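Everything on this sheet refers to the single structure shown next.
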Amino acid sequence: MGGLRRGFVLTVYVLGFKAFKRLSGDLCLCGRLMAGSIAVLADRDTATMFRLVGIRNSFAVEEPEKGRELLASLARDEKYALVMITYALAAAMESLIATIAERQERPLIAVIPSRERPISERIAPIRELIRRVVGVEVKMAKQPTR
Amino acid sequence: MAVKVTRMELFRLARQGLLAERGRDLLSEKQSVLLMEFFSYAQAIGPLQEKIDWMFAGIYESMAKAEMAMGRTNFERASLTSTDRFGVDVETRTVMGVPVPRLRLARLSEAREIPYSLSGTSSSLDEAFTRLEEALTAVLSLAETEFVARRLAQELMKIKRRINALEHIIIPMIRSRVRFIEDRLSETERETFFRTKRIKAILERRETATSS
């Protein structure tokens, strides 16, 4: 009996109390399938294009301020599993994107390239994460493509 | 702080200290494994982004061609009649005990094969169309990878905090209590020893006084 209790206490130490409490819930949740839809935030032309190829929830956003409001309301909607934002727009709302990504399970936010800005330029968020985790700046060696 | 100075308490604290140390060791092991996992996800992001850039460049190009071929009005009109063709299936899995979603692209079954009316659309559109599915799959895995990296980072921070708490607060506190109790116990032991010696001496003196 004592050994069992000690084992539990050890588990609580390792996982932390909240995670320990959450654990039973997670075990039930595992493998459950949920469907969700995709939304796109883009400039007018790109949004039209995405609507045409089969993503109906493509929103045309011209000003960054409107984009932030729209993104916030999409994030509140449980319906969406993925929100894609063009890089040109995303650059203006990185902090909102980070907040949503850190606090919510859903929707996931993906930054996609816009016509003139490729996303391989966008390394800042992940570098920031690494800096926070390791405590020092780590330069990721660029891997040779092919 | 009131510490009970008993042998029982000493045993209890010593056991607690061992437990805390073992917890700390386990945590730091978990931390290093998580760190490796985190880096493998973080490293995957760059190449994925390049791949997506490349895929979308192709899509944008063929869409531009289609727009030119169809004319802007037609293009926009066709976009209004299109139906939703893709959905996402979300499944929960755990990476190192951290719950994360796994996304899979789902073709919606009720959607017709081609979501736009065939009249007045161009072949470049079909091309963009087939490419998009691949591109979306890549985007999903990018979103997922970024999400997992972020969650692992959060988890790592939490573990770091917990290790620090154990290392710098809980374990030293338990140790100082153990030392305190040990000191007090040995102090009382010495006192008792000295007292018995004293009593013995007094008794002996009394004995010699009565015998003589």
Practice problem: Collect the residues in the stretch B:142-154 that are out of contact with any helix residue (DSSP H, G or I) (no Cβ under 6 Å at 6 or more places or on another chain) and either surrounded by fewer than 20 Cβ atoms within 10 Å (Cβ to Cβ) or more than 16 Å from A:Pro113 (Cα to Cα) (or both), keeping them in residue-number order. | Solution: B:Glu144, B:Phe147, B:Arg151, B:Gln154
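For (1) within 13 Å of chain A (Cβ to nearest Cβ); (2) within 30 Å of the chain's Cα centre (by Cα); (3) surrounded by 11 or more Cβ atoms within 10 Å (Cβ to Cβ), each residue gets a yes or a no:
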position: B:Leu156; (1), (2), (3): yes, yes, yes
position: B:Ala165; (1), (2), (3): yes, yes, yes
position: B:His168; (1), (2), (3): no, yes, no
position: B:Ser176; (1), (2), (3): no, no, yes
position: B:Phe180; (1), (2), (3): no, no, yes
position: B:Glu187; (1), (2), (3): no, no, yes
position: B:Phe194; (1), (2), (3): no, no, no
Exercise. Can you run down the residue pairs with Cβ atoms below 7 Å, 6 or more apart or on separate chains, where the first is in the stretch B:72-83 and more than 9 Å from every other protein chain (Cβ to nearest Cβ) and the partner is of a type outside the set (S, T, N, Q)?
Key: B:Asn74/B:Gly120; B:Thr81/B:Tyr116
Practice problem: Within the stretch B:56-71, track down each residue that is of a type outside the set (Asp, Glu) and more than 9 Å from chain A (Cβ to nearest Cβ). | Solution: B:Gly58, B:Ser62, B:Lys65, B:Met68, B:Ala69, B:Met70, B:Gly71
Quiz prompt | Qualifying positions in the stretch B:111-142 - at pLDDT below 80 and either within 7 Å of chain A (Cβ to nearest Cβ) or under 23 Å from A:Arg106 (Cβ atoms) (or both) | solution = B:Ala111, B:Pro115, B:Tyr116, B:Ala128, B:Phe129
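If I ask for residues that are of a type in the set (A, V, I, L, M) and over 20 Å from B:Lys4 (Cβ atoms), which ones from the stretch B:182-199 would you list?
B:Ile199
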Self-check item: Those residues of the stretch A:96-121 which are within 7 Å of chain B (Cβ to nearest Cβ) and at pLDDT below 75, in sequence order
Solution: A:Pro118, A:Ile119, A:Ser120
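The values are calculated or read from the model by the stated rules, or taken from the named source; none is laboratory data. Being a predicted model, the structure only gives us computed values, none of them experimental. Every residue, glycine as well, gets a Cβ built from its backbone with ideal geometry; the counts of neighbours run over all protein chains shown.
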